[in-house]
Amino acid sequence: MTTYTYDHIHLRSQNPMETAQYFNKMFDAKIVESVQSDGQPRIDIDLNGLMIFIAKADESVPAGLRDPHLGLDHFGFRVENLAQAAEELKAKGAEFATEPFELRPGLKIAFVRAPGDVRIELLERS
């Protein structure tokens, strides 16, 4: 039986560096610049081992879908203290699509809207 393991998330952006800088500012992700085998520049980010590749999209690529929609809805980052994380992100200018709340006992969540209409869930599990 084949074993599957995580490798990366791949985003498309009309301005990859701007998107990478957002993740750097909000989540302290490390920006990794390189050159692809075809000679084109490449921007990736490393968020504590979570690799996010950011591909350049040209102007003809439409903006992200609005909620609700089919396909990938969001990805989640776990935090130890959601209230503290939300306070820090708001101070940096993050836009919250859903303010922090307790979904059920032992689980608090919130949603941040990143560039390109990417939704990021923040979770505190106790």
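The values are calculated or read from the model by the stated rules, or taken from the named source; none is laboratory data. Because the structure is a prediction, the values reported are computed rather than measured. All Cβ positions, even for glycine, are placed from backbone atoms using ideal geometry, and neighbour counts span all protein chains on display.
Does any residue of the range 23-39 turn out to be of a type in the set (Ser, Thr, Tyr) and surrounded by 10 or more Cβ atoms within 10 Å (Cβ to Cβ)?
no
When you go through 7, 38 one by one, which is the residue that is assigned to a loop (DSSP other than H, G, I, E, B) and in contact (Cβ under 8 Å) with a residue 40 or more places away in the chain?
None of the others qualify; the one that does is 7.
Any residue in the range 15-32 that's on the phi > 0 side of the Ramachandran plot and assigned to a helix (DSSP H, G or I): show its pairings with residues that are among the acidic types (Asp, Glu) and at pLDDT 95 or above at Cβ separation under 9 Å, as long as the two are six or more apart or on different chains.
none
Being modelled with pLDDT of 95 or more, of a type in the set (Asp, Glu) and part of a loop (DSSP other than H, G, I, E, B), is that true of even one residue in the range 52-70?
The answer is no, given that none of the residues of the range 52-70 is modelled with pLDDT of 95 or more, of a type in the set (Asp, Glu) and part of a loop (DSSP other than H, G, I, E, B).
Output the number of residues of the range 83-117 satisfying the condition of being within 14 Å of residue 27 (Cα to Cα) and either among the β-branched types (Val, Ile, Thr) or in the same structural domain as residue 26 (by TED's automatic domain parsing) (or both).
1
Please go through the range 1-22 and give me each residue that is exposed (fewer than 12 other Cβ atoms within 10 Å of the Cβ) and not aromatic (Phe, Trp, Tyr), ordered by number.
Residues satisfying the conditions are 1, 2, 3, 5, 7, 8, 10.
What pairs come up if the first residue lies in the range 100-116 and is at positive phi, the second is part of a strand (DSSP E or B) and among the aliphatic types (A, V, I, L, M), and their beta carbons are under 8 Å apart, counting only those six or more places apart or on different chains?
116/11
Which residue, of 107, 82, is more than 20 Å from residue 9 (Cβ to Cβ) and touching a Pro at 6+ places or on another chain (Cβ under 6 Å)?
82
Filter the range 52-64 down to the residues that are out of contact with any helix residue (DSSP H, G or I) (no Cβ under 8 Å at 6 or more places or on another chain) and surrounded by 15 or more Cβ atoms within 10 Å (Cβ to Cβ) and list them by number.
Once the filter is applied, which keeps residues that are out of contact with any helix residue (DSSP H, G or I) (no Cβ under 8 Å at 6 or more places or on another chain) and surrounded by 15 or more Cβ atoms within 10 Å (Cβ to Cβ), the range 52-64 yields 53, 57.
Would it be correct to say that residue 78 is surrounded by 14 or more Cβ atoms within 10 Å (Cβ to Cβ) and either outside the structural domain of residue 101 (by TED's automatic domain parsing) or of a type outside the set (Asp, Glu) (or both)?
Against the criterion (surrounded by 14 or more Cβ atoms within 10 Å (Cβ to Cβ) and either outside the structural domain of residue 101 (by TED's automatic domain parsing) or of a type outside the set (Asp, Glu) (or both)), residue 78 does not qualify.
Would you be able to say whether some residue in the range 45-53 is assigned by TED's automatic domain parsing to the domain that holds residue 113, of a type in the set (Phe, Trp, Tyr) and under 29 Å from residue 124 (Cα atoms)?
No, the range 45-53 has no match at all.
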